[in-house]
1. Based only on other Cβ atoms within 10 Å, what is the fewest-to-most ordering of S54, S133?
2. Hey, how much of the P(r) for the chain falls beyond 31 Å, as a percent of Cα pairs?
3. Dipole size in debye (nearest 20) for the stretch 6-82 around its Cα centre, Lys and Arg Cβ +1, Asp and Glu Cβ -1?
4. For the stretch 95-189, calculate the relative contact order in percent as a whole number, restricting contacts to Cα pairs under 8 Å that are 6 or more residues apart.
5. Highest GNM mean-square fluctuation, the chain, Cα pairs closer than 10 Å: which of E126, E147, E109?
6. Assigning unit charges at the beta carbon (Lys, Arg +1; Asp, Glu -1) and nothing else, what dipole magnitude in debye, to the nearest 20, does the stretch 138-226 show about its Cα centre?
7. Which order do W205, W142 fall in if you start with the one that has the fewest other Cβ atoms within 10 Å?
8. For n ≥ 4 DSSP H runs only, could you compute -39500 (n - 2.57) per run for the chain, divide by its residues and tell me the 222 nm figure to the nearest 500?
Amino acid sequence: MNRRRRIYEGNAKILYEGPEPGTLIQHFKDDASGENKRRNEVVDGKGVLNNRISEYIFNNLNAMGIPTHFIRTLNMREQLIREVEIIPLEVVVRNVAAGSLAKRLGIEEGTPLPRSIIEFYYKNNELGDPMVSEEHVTAFGWASPQEIDDIMSLAIRVNDFLSGLFLGVGIRLIDFRLECGRLYENEMMRIIIADEISPDSCRLWDLTSSEKFSKDASRENGRVLAGYQEVARRLGILNTNE
Ligand code: C5P
């Protein structure tokens, strides 16, 4: 029986109360997230892989001075994280046209964008996370103009790091989604990266073949997991026999 206090349960993750004040435990489930959740898919082992990939990326971001909520991994499916006040925005960074942008603007998938584009979506499941402008964000008080600047500069730094990291292992970072939170510490507040960065929240395509490794890959049995395993293998965090 699990006696820990459950703070929140989403499609792909559960947050439990942490061992110390100001901490939480983030548990990675195998359930599908985002657009795939409608199919109620469960991909055995996905949570374990996302835990490892997200740990690897957040450790690197922390080491580079890009602040994240990640403290350390606790076990195969769980991480110790800092508790933050989540900003109710999904921040999407795009380098190449795909997904909803390609559809909305009628741009062929795979077309490189003239420059990286940052978009905001209001985090609200019932409304289907609608896209919003900076005007909406400040008018409704979801974030201040200064906070938007901080979020955008974090998003650009994360994009630079991730693009280089993946390029080095033959993967094109098409786009990804971030969540940010406010961390209150020593009477100061700063914005840090929260949630996860994994193939669940990124579009990753093979550099030469354009094979899709993330969740919008062909979703026949086993294909999603194979893509996630390939990403982990190329990053050097999965043994070839796993
Ligand atoms: O679907 P769309 O093209 O807007 O997605 C852009 C990026 O944001 C993709 O990498 C997708 O995986 C990610 N995303 C996400 N969670 C959502 C919506 C999008 O991780 N709820």
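Rule-based calculations on the coordinates, nothing more; no lab input. Given the structure is predicted, the values throughout are model-derived calculations rather than measurements. Please note: Cβ atoms are built from the backbone with ideal geometry, for glycine as well, and neighbour counts cover all protein chains shown.
1. Values: S54 23, S133 10.
Lowest to highest Cβ neighbour count: S133, S54.
2. 19
3. Values: 11 positive and 10 negative charges, 21 e Å.
Using only the charged Cβ atoms, the result is roughly 100 debye.
4. It rounds to 21 percent for the stretch 95-189.
5. Most flexible of the set in this elastic network: E126.
6. Approximately 320 debye in magnitude.
7. Exposure proxy ranking, most exposed first: W142, W205.
8. When only DSSP H runs of four or more count, the value is -8500 deg cm²/dmol.
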